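The structure appears right after this line, and notes come after that.
The values are calculated or read from the model by the stated rules, or taken from the named source; none is laboratory data. Small disclaimer: the values here were computed from a predicted structure and weren't measured. FYI the Cβ positions are ideal-geometry reconstructions off the backbone, even for glycines, and counts take in every protein chain you see. Heavy atoms of the whole protein, side chains included, go into the accessibility calculation; ligands, DNA and RNA do not. Shrake-Rupley method; radii C 1.70, N 1.55, O 1.52, S 1.80 Å.
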Amino acid sequence: MNRLEHESSPYLRQHADNPVDWWPWCDEALAAARAQDKPILLSIGYSACHWCHVMAHESFEDAQTAALMNSLFINIKVDREERPDLDKIYQLAHQALNRRGGGWPLTVFLTPDDHLPFFAGTYFPDKPRHGMPPFSHILQQVSGFWHSRRDEVRTQNKALAEFLHDYERGEATAEALSDAPIRAALEQIENSFDPVHGGHMGAPKFPHCPQMELLLDLESSSRREPSTDQNTRAANDSSLSGPHPRQHATVSPGEKESGKVELTLTRIVSGGIHDQIGGGFCRYSVDERWEIPHFEKMLYDNAQLLPLLARDAAFIPAARDLLAWLLREMTSADGAFYSALDADSEHEEGKFYVWQRDEVRGLLSVAEFAVAGPHYGFDRPPNFEHVAWNPIVATPIDKVAQVLEIPLDEARRRLAMARAKLFAARSTRVRPGLDDKILTAWNALAIAGIARAARAMDAAPLMGLADNALDFLYKSVWHDGRLQASADKPVPAYLDDYSFMLDALLECLQNRWSERDLAWAIILAEALLTRFEDREHGGFYFTAHDHERLIQRPKPWMDEALPSGNGVAARALLRLGHLLGETRYIDAAQRTLRGAWPTLQSAPHACCTLLRALNDFLHPRTHVVVRARDNEEAQWRAALASIPLRRCDVYFIADTQTKLPGTLAAQTCTDGGVAYVCRGTQCEAPLQSPDELAVALGRES
């Protein structure tokens, strides 16, 4: 009996026809394991995962393998995107048991009573391959070990339980916070940076967006003197053991840090990780040149790349193509965003995206191929498994025009015609599977990215895309003062859902003020403090205080595929706290940084989002409130249009808004408008004209 047919997750439904007796993670499955004294075979994956599909085809669809699984285990299938809490815990357990990182598919065998894993792996082949035994052999060996050597299992599990309990639970620092972890991270980033291709050296290559954001923040911070604000100094000094002198060492990047970001983005945009024909970006590159991707497209990667691209005119075409892809392929009828596109189609990875040269030549005119061929690399040997071409920017279009001795505009016209024809032809192929789950955290990342892109590109209409998604989430995942993690299933929300949504609301408020969104942001901030915070040791747990009890309660500090929920929460609480003058939020952010300090010291380069929060704490962001009449707002916005506002938040609040909380209530409007400029808790005299504001902010840029 397979129980996955009616699950909300497309990944689980993909396994509904397996001969395996699958359960979803539920109390009934766990009770069955206890009653039958059978170990649990926990299989965690996601719909766009190539090797998940391979293992499913080889083993889970095989009748003999399924019979073994059914007779020896209670089999539970989990979508890691729907239950990131389970995935975090059992990935860490895999790392502890095998002394190396895990991945997907994650295959874990649990004891039936306490759900601790006693054997773990990832992909197992159906036949001996790559030095790995067949999955059927693993099944029999693990079952035999459980039944014949149970005492050894219990001894190992006791040690594992202690490891999970103690993991990342170092003592919060009582010393003054300093920029030492930031300087250490910069050194690590410098040592691992690839000066030719950007990103980190070697392969595979991932677009580490939090790291790029940190480098841009630090360059902006280095332009200003360290803050000497007495109130933020006192906040830092009021540590757990009493006052300490504030440390003011300023990070001084060696070479211009934005140069690393520009090189990395240039290589990513011109590489094969970027869908040159249809827009959007794949998960990662399997080579060091960003040329051949693992072809799944994830909402969260594109959401993080979008604002980085939008900030630079050179990358705005790629940002526009990303937005076009997002609207065309990833937006639901209700305005929310889907989760992912599969790497595979017709059981082959990348089949939808790669080309044969003769196929391309046949679709294009001779003149079009003369441009598109060298531009996309079709004039070179095949770059995908030696048999096909994945388009890259092999030769820049201006160089192609020079070689052909044609005007650049003509070369661009031919390339646009060629791209349109290739896109139309590709659209007739069998499409990769779509994971149409609507996840709160991932949608919040996309909303924040779109809001930032709209400001950077001076494209106000883009906010319609963000507002549609935000309105959908408000109606669909926000119930009785609590978030759900998914619009498709009533899963209690996690830290990422609350912190990413708070961050998204703060970004949207800078594009257009909304009473509802400010009120929502305050409720989310209060929920973080009351339902997720570890008040004793600092920081936020991944699950709420009333969440289902599992074998561990993670408190994640490091960035993974998503930015650290603790880092995003700390940054958002600092921003909201300074905007409203609410010191409880600032104090909670400080407690988070103190709680994270052991990890910031031991692995700073892995905690770039938390380091951004640390930088915001040591060198507070500028925030500006402009109070003006509706017909006056445009001139205030225009005055700031040419000023880069990297670490500056600007809120435009109409004079009709009179019921404002906190310090906003004292910031009233005058004829012609007025701007209030604050850095942390240190505020300047009100500015009475757009020109005065432009001068004040221009001094920082």
Cα-projected label distance for residue 424 with residue 583, points at 7 Å along beta-carbon direction, nm | 6.7 nm
Measuring with a 1.4 Å probe in the full set of protein chains, what accessible area per residue, in whole Å², belongs to the stretch 21-61?
-> 34 Å²
Find, to one decimal place in angstroms, the Kirkwood hydrodynamic radius of the stretch 552-701, where the mean of 1/r is taken over every pair of different Cα atoms and then inverted.
-> 16.7 Å
Highest average packing first - 29-39, 73-83, 534-544, 656-666, Cβ atoms within 10 Å = 73-83, 534-544, 29-39, 656-666
Do any trypsin sites (Lys or Arg not before Pro) in the stretch 539-600 lie in a DSSP loop with no more than 16 other beta carbon atoms within 10 Å, and if so, which?
-> 549
Set of the stretch 357-389 residues, backbone N closer than 12 Å to the point 7 Å along the Cα-Cβ line of residue 417 = 364-372
Does the stretch 86-168 classify as rounded, prolate or oblate by the C-alpha gyration tensor (a ≥ b ≥ c root eigenvalues; a/c under 1.5 gives rounded; else a/b over b/c gives prolate, otherwise oblate)?
-> oblate
For the stretch 33-130, what % of the accessible area comes from carbon and sulfur atoms, probe 1.4 Å?
-> 50 percent
Can you work out D for the chain in µm² s⁻¹ from Stokes-Einstein, where Rh is the Kirkwood radius over C-alpha pairs, the temperature is 25 °C and the viscosity is 0.890 mPa s?
-> 91 µm²/s
Mind listing P(r) for the stretch 522-563? All alpha-carbon pairs, 10 Å bins, whole percents.
-> 26, 51, 23, 0
Using alpha-carbon positions, the gyration tensor of the stretch 377-497 gives root eigenvalues a ≥ b ≥ c; with a/c under 1.5 called rounded, otherwise prolate if a/b exceeds b/c, else oblate, the class is prolate
Rounded, prolate or oblate: which fits the stretch 1-82, taking a ≥ b ≥ c as square roots of the Cα gyration tensor eigenvalues, rounded meaning a/c under 1.5, else prolate when a/b beats b/c?
-> oblate
Normalised convex hull volume, the stretch 455-511, alpha-carbon set, Å³ per residue = 84 Å³
By residue number, which cysteines of the chain lack any other Cys whose Cβ falls under 4.7 Å from their Cβ?
-> 26, 209, 282, 508, 607, 608, 648, 669
As a check on your grasp of the helix formula, calculate [θ] at 222 nm for the chain: sum -39500 (n - 2.57) over DSSP H runs of n ≥ 4, divide by the residue count, round to the nearest 500.
-> -14500 deg cm²/dmol
Please give the per residue accessible area of the stretch 371-465, computed with a probe of 1.4 Å over protein heavy atoms only, in Å².
-> 45 Å²
State the extension gain, in nm to one decimal, for the chain segment bounded by residue 547 and residue 387, taking 0.36 nm per residue of separation less the distance between their alpha-carbons.
-> 52.6 nm
Using only Cα atoms, what is the ratio of the radius of gyration of the stretch 450-599 to 2.2 N^0.38 Å?
-> 1.04
Farthest toward the dipole's positive end in the stretch 306-383, which of 333, 310, 369, given Cβ charges of +1 (Lys, Arg) and -1 (Asp, Glu) about the Cα centre?
-> 310
Per the rule of 0.36 nm per residue minus the C-alpha distance, extending residue 148 to residue 99 adds in nm 15.1 nm
Kindly state, to the nearest 0.05, the FRET efficiency for residue 471 paired with residue 26, given R0 = 35 Å and r defined as their beta-carbon distance.
-> 0.65
Just how many % of Cα pairs in the stretch 339-428 lie over 23 Å apart, if you round to the nearest whole percent?
-> 25 percent
For the stretch 562-648, the percent of accessible surface on carbon and sulfur atoms (probe 1.4 angstrom, ligands and nucleic acids excluded) is 50 percent
When the label point is put 7 Å from the Cα of residue 167 along its Cα-to-beta-carbon vector, which residues of the stretch 549-569 have a backbone N closer than 19 Å?
-> 549-567
Over all pairs of different Cα atoms in the stretch 38-109, the reciprocal of the mean inverse distance gives a Kirkwood radius in Å of 12.7 Å
Run the accessible area of the stretch 419-468 with a 1.4 Å probe and give the carbon-and-sulfur part as a rounded percent.
-> 58 percent
